[in-house]
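What follows is one structure encoded as structure tokens, with my remarks underneath.
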Amino acid sequence: MTIKLYSYWRSTAAYRVRLALELKGIDYETVTVSLVPGVAEHRQQDYRRRNPQMLVPFLEDGDFGIGQSQAILEYLEETQTSTPLLPASARQRAAVRSFCNSICCDIHPLNNLRVLLYLQEELGVSDEQRDTWYANWIHAGFRAAEVVANEHSGSGPFVFGEAVTLADCCLVPQIYNARRFNVPITEYPRLVAIDAHCATLDAFSRSTPEKQPDAPA
């Protein structure tokens, strides 16, 4: 049975999951869920029954469904073992998970769409203030991520050396977001180099937001 990924083209969390699916060579069907204000398909009753959190991504594998990108990534890692995205040793796996969490728990939640909308619509911040908020959390996270990448990548092209891992699946979408909001990232040369190498790989190319079925033409 085909795996279904409920997704929105610009969702950072869905982007991570697409990368893992593509890197593992898993066939999947994309079911688009618009997060655009005024459309908000994620808040409609049909999707709400499927995922009470009203967030994307949501993954269905037969009669099993699960939300939260990190849980989905772990599920795919445990059930689709032919192409692992975690290292063999317990210590290295823990290090990869730590890097992932530094992005998925400490940067992204502060900068996702519903937070930015709340800042503007409920607290009345200006576009400039919103962008300052966004950049602050990118820099706070990337400063640490640059140190970790320098420590673990060695001469390899990925965050953890020669092999692509979930760390790269989490880093690349966050760099995409930084560029989208015009956050300068030249002070993170290792992260930029990793992103540039990933961009040469077909799995990363296929996963980019602009190549998704619901991306604007």
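What follows draws every value from the coordinates through simple rules; no lab data is involved. Only a predicted model underlies this, so the values are computations on that prediction, with no experimental measurement involved. Counting neighbours? That spans all protein chains shown, and the Cβs are built from the backbone with ideal geometry, glycine included.
Quick rundown of the values:
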{"item": "For peptides 25-32, 11-18, sequence by mean Cβ density within 10 Å, most packed first", "result": "11-18, 25-32"}
{"item": "Cα shape, segment 3-83, gyration tensor, a/c 1.5 rule", "result": "prolate"}
{"item": "Per-residue [θ]222 nm for the chain (sum of -39500 (n - 2.57) over DSSP H runs n ≥ 4, rounded to 500)", "result": "-16500 deg cm²/dmol"}
{"item": "Local electrostatic count, Asp63, Cβ distance below 14 Å [Lys/Arg +1, Asp/Glu -1]", "result": "0"}
{"item": "Positive dipole terminus of the chain, leading residue within Ser69, Thr165, Gly25 (C-beta point charges)", "result": "Ser69"}
{"item": "Cα gyration tensor shape for segment 80-151, rounded if a/c is under 1.5, else prolate or oblate", "result": "prolate"}
{"item": "Extension gain from Glu151 to Thr2, taking 0.36 nm per residue of separation minus the Cα-Cα distance", "result": "49.8 nm"}
{"item": "The chain, relative contact order [Cα under 8 Å, separation at least 6], %", "result": "24 percent"}
{"item": "By average C-beta atoms within 10 angstrom, highest first, the peptides 167-177, 70-80, 117-127", "result": "167-177, 70-80, 117-127"}
{"item": "For the chain: rounded, prolate or oblate by the Cα gyration tensor [a/c cutoff 1.5]", "result": "oblate"}
{"item": "Net +/- balance of residues flanking His197 in space, Cβ distance below 14 Å, scoring K and R +1, D and E -1", "result": "-3"}
{"item": "Net charge, Phe181 excluded, C-beta distance under 11 Å - Lys, Arg +1, Asp, Glu -1", "result": "+1"}
{"item": "Relative contact order (%) - segment 3-83, alpha-carbon pairs under 8 angstrom, separation at least six", "result": "36 percent"}
{"item": "Antiparallel %, DSSP beta bridges [both residues in the chain], to 5", "result": "60 percent"}
{"item": "Size of charge dipole - segment 90-203 - debye, nearest 20, with Cβ of Lys, Arg +1 and Asp, Glu -1, no other charges", "result": "320 debye"}
